[in-house]
1. Cut-off 10 angstrom, C-alpha nodes, Gaussian network model of chain A. Which of A:GLY24, A:GLY190, A:GLY105 fluctuates the most?
2. Please report the residue of chain C with the smallest beta-carbon distance to the C-to-B rotation axis, and give that distance in Å, no decimals.
3. Please list 3J(HN,Hα) in residue order for region A:91-97, calculated via the Karplus relation 6.51 cos²θ - 1.76 cosθ + 1.60 where θ = phi - 60°; whole Hz, with x for glycine and proline.
4. Tell me, what ³J(HN,Hα) does each residue in region B:61-78 have, in order and in whole Hz, if you take phi through Karplus 6.51 cos²θ - 1.76 cosθ + 1.60 with θ = phi - 60° and put x for Gly and Pro?
5. Give me the net charge for the shell around B:THR65: Cβ to Cβ below 9 angstrom, other residues only, Lys and Arg +1, Asp and Glu -1.
6. In which sequence would C:GLU155, C:GLU92 go, from the one with the fewest C-beta neighbours within 10 Å to the one with the most?
7. If one computes P(r) from the Cα atoms of chain C, what percent of pairs lie at distances over 31 Å?
8. Calculated FRET efficiency, A:LYS107 and C:VAL303, Cβ-Cβ r, R0 60 Å, to nearest 0.05?
Amino acid sequence: MGGEKPGPLNGLWIMRPDDANVAGNVHGGTILKMIEEAGVIISTRHCNSQNGERCVAVLARVERTDFLSPMCIGEVAHVSAEITYTSKHSVEVQVHVMSENILTGTKKLTNKATLWYVPLSLKNVDKVLEVPPVVYSRQEQQEEGRRRYEAQKLERMETKWRNGDIVQPGLNPEPNTVSYSQSSLIHLVGPSDCTLHGFVHGGVTMKLMDEVAGIVAARHCKTNIVTASVDAINFHDKIRKGYVITISGRMTFTSNKSMEIEVLVDADPVVDNTQPRYRAASAFFTYVSLSQEGRSLPVPQLVPETEDEKKRFEEGKGRYLQMKAKRQGQVDPQP
Amino acid sequence: MGGEKPGPLNGLWIMRPDDANVAGNVHGGTILKMIEEAGVIISTRHCNSQNGERCVAVLARVERTDFLSPMCIGEVAHVSAEITYTSKHSVEVQVHVMSENILTGTKKLTNKATLWYVPLSLKNVDKVLEVPPVVYSRQEQQEEGRRRYEAQKLERMETKWRNGDIVQPGLNPEPNTVSYSQSSLIHLVGPSDCTLHGFVHGGVTMKLMDEVAGIVAARHCKTNIVTASVDAINFHDKIRKGYVITISGRMTFTSNKSMEIEVLVDADPVVDNTQPRYRAASAFFTYVSLSQEGRSLPVPQLVPETEDEKKRFEEGKGRYLQMKAKRQGQVDPQP
Amino acid sequence: MGGEKPGPLNGLWIMRPDDANVAGNVHGGTILKMIEEAGVIISTRHCNSQNGERCVAVLARVERTDFLSPMCIGEVAHVSAEITYTSKHSVEVQVHVMSENILTGTKKLTNKATLWYVPLSLKNVDKVLEVPPVVYSRQEQQEEGRRRYEAQKLERMETKWRNGDIVQPGLNPEPNTVSYSQSSLIHLVGPSDCTLHGFVHGGVTMKLMDEVAGIVAARHCKTNIVTASVDAINFHDKIRKGYVITISGRMTFTSNKSMEIEVLVDADPVVDNTQPRYRAASAFFTYVSLSQEGRSLPVPQLVPETEDEKKRFEEGKGRYLQMKAKRQGQVDPQP
């Protein structure tokens, strides 16, 4: 059969103490991981809905994601996912996350996210299979989806070459400089990070990226901090079990009340030295600083020192102003 | 408002390598944990559905549960829960678990379970609150529920007194003896404990050794305790995935402010009975006792009873004095 | 190429609630685990730095380690590792751990550790490979390293024979007796086992109960085993964070193709010695033995020895026959 639009997927997760920072706010990375898990299930299910070669859906890209309201430990996260577009070789999934306080019954929308998956053959993991088409309830849906598909394809190509450089440690840096808060984390990819076929779950990588970004932000402003948004993340190549990944974060820009942190993920095959270390993913995370009462605080201004840091600061400012303009456009549309 | 029958709850979980045995079958315990998590959510939500004192639902009983068909790693577990009866102070929840192979689409019923919860006040956790009544769609439902309630109540009362005896009674040792604090832990080596090649990471073994030493120290001095040092540890032979390791700890020596605990690690191949159980590692851990303010406290003196215990106490004293001399030598070197 | 001294490795880890005891001090075992992970990465990378057979570095020994100052949850651990000596078949790694309070910026040295690794071939894990030599910046470094190498080698040989005895030897029970497969597990209740209010989730307790029952079953029949059913479980009293629970399992009955295991859960408040140890829960688990192909196998018959064991065997038989009759009644009900 196949070809018909598959039903949506609904899951729920209870937030544990380990999912949150000291203030009880659930890490953005935990939420990204849940979102990705829902995305893998619905897209793998869809790609196997027709008879034919069996496959697993692998995360290729996450679109820019905003964290609309904080989630706390003890709350239940409701995650719903739906396939919204298919191209010949990729699936677009839209995911909504609601937080529910089961004591008061209050529910809030915390995230909307869009993810792209690619089906890889289980027999030959370098072979991309074809995706069964979905049936759209309205004609425009297909047209709009195609436009989103083309836009992300273009952006993917661009970012692939952008991320050349590496975070370098500094010597006794001054507070508020880039070097002062710069951090990196190494992680040996173990079996429980991986799919059955030995690739790291995209959600695991994103959780580590958010963790590093959070450390950079906390070092910079020395307060309780939370993820406000994550830029689009592209996954350029699979990361396999046994690889060592280095996740590096550096602050690029500060506005009055927000910090932008660039996070780079490099994968090192370690035992296989025929394959060089490669850039696996990168993204910009935006964090805000919160008071004890949960109000957003001004952040110390970043002091860029080198030419590169100054250039990245200006680029960050550009992204910030663009996003601000976009958001004001949404809130207050011109008649 | 309240009083009406709340909707069912549906959740899903993806089964990870760590949830399963070496043959890929998900542990019954993992399934029981998921079932209980769904039960807590729906019953806590129901018990807080009316205005009034906030509460948390605590598990009081699980009815007999059959595992109808095995679940495998990579499959998705669908858990649905429904409140089927309420008494004045308890909630009955029925949970169904289905396994779904997302590659083939096959779904199977794996479990039906019935759980009983009791709402405890968040202000005073020894106070049981009243449960808002559910509305039944058919009259018989209430009557059948009441019968199940009475039956389990009777059985609960009976079992409370039945379980008098204890495995390995241990002859009620006196405080401060070696037998009193002696502890051992068994651990089934799972995938996330291991390298890619199926050997336990040395770090995992050391973490378990420290855990046992900490329990011995806490049992002995009944205060907050921390690791002060660890003796050299030798790893004599590899431990493989699926083995059962027994980590045993016994106190060997106490000085004024420190305790020495010997920890032995024995590995048992279990399913491979051509290979005998062997000693995989051993070490001495030194712990100190801390007050609430983090100051080090005197520890109760160990009372060695047998000849072996006395001999080990003297050996421990030797190591203690030697280390003390060495440390004083470092701090205050002779010219 | 190879032969040159590889760069050091620097990583960081954030300390989670589960990494610490109730007072917020990170367990020594968690720190040892981090240290070992850094050691594995740097030594595996070094041993694969030349073309040749691929290998994994396996921990052989950790030198005596002092915990110089406590680390707390919320702090960031900085782990740096360096290869300081290589012999023909082993690598010495020195690791430093600093704790950083990211809010105040305070850093403290918490540990210095020395670890020895041995490279095992990935093709044949019983074969030790050769280690590429490091280049020393000063001549004396090699000489000092060689001295450390010889000293540890000597000590290793000695300890291999020292560790003869076993805690609670248990008198070498015969196969198929109750004592032979009897097992118990201790578990220190951590934050992630608990609700927000500090009680253990019922599901966590059930998962541990199933784990012990599974170990008893595997020890008895030495095959792959799965849970077939669980008897009603009653939870008599709450278990709190920081308590130590002992989960004991013993086989009570075997039919042709099933094993019944009784599991008892005892809770010990440890640091609160006003409250005695109490029975928190108990249940009977039924397990079956499976062949490689998933077919159910006959199980070795249990040999009860003491009067109590014989009595429990008869009670188990009663439960078995009752359940069998009930099930046949369901399948083929009489008119």
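Here, each number is a calculation from the coordinates, and none is a lab measurement. Here the structure is a predicted model, which is why all the values come from computation and not from measurement. We place every Cβ from the backbone using ideal geometry, glycine too, and count neighbours over all the protein chains shown.
1. The residue that fluctuates most here is A:GLY105.
2. With distances in whole Å, chain C gives C:LEU185, 3.
3. Going residue by residue, I get 10, 9, 10, 10, 10, 10, 10 Hz, with x marking Gly and Pro.
4. Ordered by residue, 3J(HN,Hα) equals 6, 10, 6, 3, 10, 9, 9, 7, 8, x, 10, 10, 5, x, 6, 9, 9, 9 Hz.
5. Working: positive: B:ARG64, B:LYS112; negative: B:GLU63, B:ASP66, C:ASP231.
Net of charged neighbours comes to -1.
6. Working: C:GLU155 14, C:GLU92 23.
Fewest to most other Cβ atoms nearby, the residues stand as C:GLU155, C:GLU92.
7. When all Cα pairs of chain C are counted, 55 percent exceed 31 Å.
8. 0.55
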